[in-house]
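Reviewing the structure listed below.
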Amino acid sequence: MTDLAASAIGRGLVQGRANRHKQAMSNPDFSAPKPFGPLRSFGRVRGRALSDRQEHLFETLFPRVSIPAEPAETLDPLQWMPAAEAVIFEIGFGGGEHLIGQAERHPSHLFLGAEPFQEGVAKALVGIEDRGLTNVRLLASDARPLLKALKPGSLDKLVILFPDPWHKAKHNKRRLIQQAFLDDAHRALKPGGELRFATDWANYAAWTLEKMTQHGGFDWLAEAANDWRTPPEDHITTRYETKKLGDCAPIFLRFTARQQAS
């Protein structure tokens, strides 16, 4: 799909979709934030107290599956699973339903998950233990330093499902999708690797399409409206998704990474 077509469809994508909290796109701040500014969550980072089992898993299982919060050098994810047929990184996995479900479906793939919300990490640990998974590694912190540290071309897929919307125009600069983030995503993905994004905020969908088009390193896979209105065939619906907290029906955007410039 051409950049012109993507831009035109992106503008049309949000028309008539918002039903509340409609946000203006006039004069948004498109300036890139300083690398790895303060991690701010639209929700809570700490919620209810952990159960005894969750506390125990943080003490026993988490050290075995955890990823360093601030990697000191380039990381090759295959160090955790040398025979992995594919490496998938999910940023902001929430309660872990999608991450754990995909890991169970694809035992030959390595799944990396990042989530700063402590309760979400605890739920993922329970899922790993209950299902006997050995192909999941977790980061209980900001995903951006890890993404930057990953070996170039080491990811087959990058998944971002319903990230913090920061829907007020003055807060748009806090959104995950920024040019610096896309630079790191493009470098970490293999040529042809997929970046999958979903949101239920129309403004964030338009923002993401614009940022991806501006970047120039990705191709949007959509050919018709149903391509963004319908979840991918392998999608696992999450509890957050069912709450319908945004201002539109879920929008699913899929892109592939172009060949790195020589």
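The values are calculated or read from the model by the stated rules, or taken from the named source; none is laboratory data. These numbers were taken from a predicted model, which means no experiment stands behind them. Reconstructed Cβ throughout: ideal geometry from the backbone, glycine too, with neighbour counts over all protein chains shown.
Assorted remarks:
- Looking across segment 182-207, the residues that are among the charged types (D, E, K, R) and in a helix (DSSP H, G or I) come down to Asp183, Asp184, Arg187.
- Residues satisfying the stated conditions in segment 117-149, i.e. of a type in the set (D, E, K, R) and touching a residue at least 12 places away in the same chain (Cβ under 8 Å): Glu119, Lys123, Glu129, Arg131, Arg137, Asp142, Arg144, Lys148
- Segment 229-239: number of residues that are modelled with pLDDT under 95 and within 14 Å of the chain's Cα centre (by Cα): 1
- Tallying residues that are surrounded by 19 or more Cβ atoms within 10 Å (Cβ to Cβ) and small (Gly, Ala, Ser) within segment 128-140 yields 1.
- Selection of segment 139-181 for residues being in contact with a helix residue (DSSP H, G or I) (Cβ under 7 Å, 6 or more places away or on another chain), in a loop (DSSP other than H, G, I, E, B) and under 19 Å from Ser66 (Cβ atoms) yields Ala140, Ser154.
- Looking only at segment 238-262, residues that are without any contact (Cβ under 8 Å) to a residue 12 or more places away in the chain and either under 18 Å from Thr208 (Cβ atoms) or among the polar types (S, T, N, Q) (or both) come to 2 in all.
Condition check ((1) surrounded by fewer than 18 Cβ atoms within 10 Å (Cβ to Cβ); (2) charged (D, E, K, R); (3) without any contact (Cβ under 8 Å) to a residue 12 or more places away in the chain) across all residues:
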{"residue": "Lys151", "(1), (2), (3)": "yes, yes, no"}
{"residue": "Leu155", "(1), (2), (3)": "no, no, no"}
{"residue": "Ala198", "(1), (2), (3)": "no, no, no"}
{"residue": "Trp201", "(1), (2), (3)": "no, no, no"}
{"residue": "Thr230", "(1), (2), (3)": "yes, no, no"}
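- Taking segment 234-258 as the range and being over 21 Å from Lys190 (Cβ atoms) and part of a loop (DSSP other than H, G, I, E, B) as the test, the residues that pass are His235, Ile236, Thr237, Thr238, Lys244, Leu245, Gly246, Asp247, Cys248, Ala249, Pro250.
- In segment 86-127, residue surrounded by the most Cβ atoms within 10 Å (Cβ to Cβ) [restricted to those that are in a loop (DSSP other than H, G, I, E, B) and at negative phi]: Phe93
The rows are residues; the columns are (1) touching a residue at least 40 places away in the same chain (Cβ under 8 Å); (2) within 28 Å of Leu78 (Cα to Cα); (3) surrounded by 23 or more Cβ atoms within 10 Å (Cβ to Cβ); (4) aliphatic (A, V, I, L, M).
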position: Ile177; (1), (2), (3), (4): no, yes, no, yes
position: Asp184; (1), (2), (3), (4): yes, yes, no, no
position: Lys190; (1), (2), (3), (4): yes, yes, no, no
position: Glu194; (1), (2), (3), (4): yes, yes, no, no
position: Ala205; (1), (2), (3), (4): yes, no, yes, yes
position: Glu210; (1), (2), (3), (4): yes, no, no, no
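- Residue match in segment 48-67 (condition: among the acidic types (Asp, Glu), closer than 15 Å to Asp142 by Cβ and not in a loop (DSSP other than H, G, I, E, B)): no
- Any hit, segment 113-132, residues being under 24 Å from Thr199 (Cβ atoms), touching a Pro at 6+ places or on another chain (Cβ under 8 Å) and not charged (D, E, K, R): no
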